[in-house]
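Step one of this worksheet: look at the structure below.
The values are calculated or read from the model by the stated rules, or taken from the named source; none is laboratory data. What you are looking at is a predicted structure, and each value in this text was computed from that prediction instead of being measured. Heads up, the Cβs are rebuilt from the backbone with ideal geometry, glycines too, and the neighbour counts pull from every protein chain shown. The accessibility values were calculated without ligands, DNA or RNA, using every heavy atom of the protein model including side chains. Shrake-Rupley method; radii C 1.70, N 1.55, O 1.52, S 1.80 Å.
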Amino acid sequence: MKRFPVLIITNSASDLSKLEFPEFRIVNTKSEYFKKFLADTEVPEFSFALEIEESFEEDGKERYAIIHKDLSQKFGNKKIYDAFNFLVLLFPSNLAVDHIVDFNFINGKLVHRSSFKTDIFNEEDEGFLKFNEDKSHTINEFIKNYAQTYNEIGYLKSSAQNYMNAFDNTHYYHFSYIALCISLESITNGNTELLYRIRRNVAVICGKDSETSQIIFDNINTIYKLRSKIVHGSDFSDEKVYEYLNYLQSIVSKTIIELIIHNIPNLELLNKKITSLGFGNRDKLSENWTEILLNDNIEKIIYEKI
């Protein structure tokens, strides 16, 4: 019998219940809505719900549930994980799945089946998801317009998958570092002068003007010098990997978000358009572009020299 999951997520310093997806709502596990959901889906008293309560008493971290809006309809497992991944894409962080709760449809009703508590490796407060709650409407509009369609573009799907792979290796920082670099490589075609074109692509896509584009161009060079040491077995500094990782997460997130807005259908056309533009001309990359600032933290990070 097919299972239908609900994800219990944690490691957010902001109120995730202010965000929503076209098919899913995010609710605090202490809310009346969630309590009713537990009752309606016949969740036993001594179950994951009790574990969540005990965990909150121990660590004080809020838990949120990603729940399908229509509990009378079956839905694909992939969609709920896509929603979680999109949150991490918009807000690089150690947001984590705390419990996976499976349900069955029995006589047209969602009924609790089982639950699984995951292992969370990175629980540092400084890495918690944060967003400007005053921008909740803007963020929700972006989610509504783009969360379900961006994966239809091949290079964006590849770039986003590599980005998410980086967050599966949070206890091996150098693996995460390489996955994020591969994410940037996914938006660059050709075999010659690859590093130069990666640097230039990201600088054109993300730079606000010629000065910030140049900073990004130089920063990517610094990032790739360390990447070269990692992949070629040279001595490298673990401290530098950790130091640069925050910047790398932020610039990859920003790059993907900008490309989602542009909605250029294939890699060849994207690179052709970038080649014709100079630093500070990101608004000319497509007619679709409009400035959408979703993550205040990223905007502070990516334009600073590392």
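In summary, helices (runs of 4 or more DSSP H) completely within the stretch 228-306 and bearing 1 or more residues that are over 30 Å from Asn140 (Cβ atoms) occur at 238-262, 267-275.
Checking each residue in the stretch 231-246 for being touching a His at 6+ places or on another chain (Cβ under 8 Å) and at pLDDT 90 or above picks out only Val241. Contact annotation: residue pairs with Cβ atoms under 8 Å, 6 or more positions apart or on different chains, pairing a residue in the stretch 182-204 that is over 13 Å from Leu267 (Cβ atoms) with a partner that is loosely packed, with under 13 Cβ neighbours inside 10 Å, are Val204/Gly278. Of the residues making up the stretch 41-69, those that are farther than 17 Å from Ala96 by Cβ and touching a residue at least 40 places away in the same chain (Cβ under 8 Å) are Thr41, Glu42, Val43, Pro44, Ser47, Ile67, His68, Lys69. Counting residues in the stretch 255-271 that are over 15 Å from Ile306 (Cα atoms), without any contact (Cβ under 8 Å) to a residue 60 or more places away in the chain and open to solvent by less than 10 Å² (accessible area, probe 1.4 Å) gives one or more. Helices (runs of 4 or more DSSP H) fully within the stretch 142-213 that include at least 1 residues being open to solvent by less than 20 Å² (accessible area, probe 1.4 Å) and out of contact with any Leu (no Cβ under 8 Å at 6 or more places or on another chain): 173-185, 194-206.
Taking (1) in a strand (DSSP E or B); (2) within 24 Å of Ser14 (Cβ to Cβ) in turn, Arg113 satisfies each apart from (2). Picking from residues in the stretch 106-127 that are among the hydrophobic types (A, V, I, L, M, F, W, C) and open to solvent by 30 Å² or more (accessible area, probe 1.4 Å), the one that is nearest to Lys2 (Cα to Cα) is Ile106.
The stretch 1-105 holds helices (runs of 4 or more DSSP H) entirely within its bounds, and those carrying 2 or more residues that are in contact with a helix residue (DSSP H, G or I) (Cβ under 9 Å, 6 or more places away or on another chain) map to 32-40, 77-90. The C-beta contact set for the stretch 144-162 (first residue under 13 Å from His262 (Cβ atoms), second residue open to solvent by 40 Å² or more (accessible area, probe 1.4 Å) and in a loop (DSSP other than H, G, I, E, B), distance under 6 angstrom, 6+ apart or interchain) is empty.
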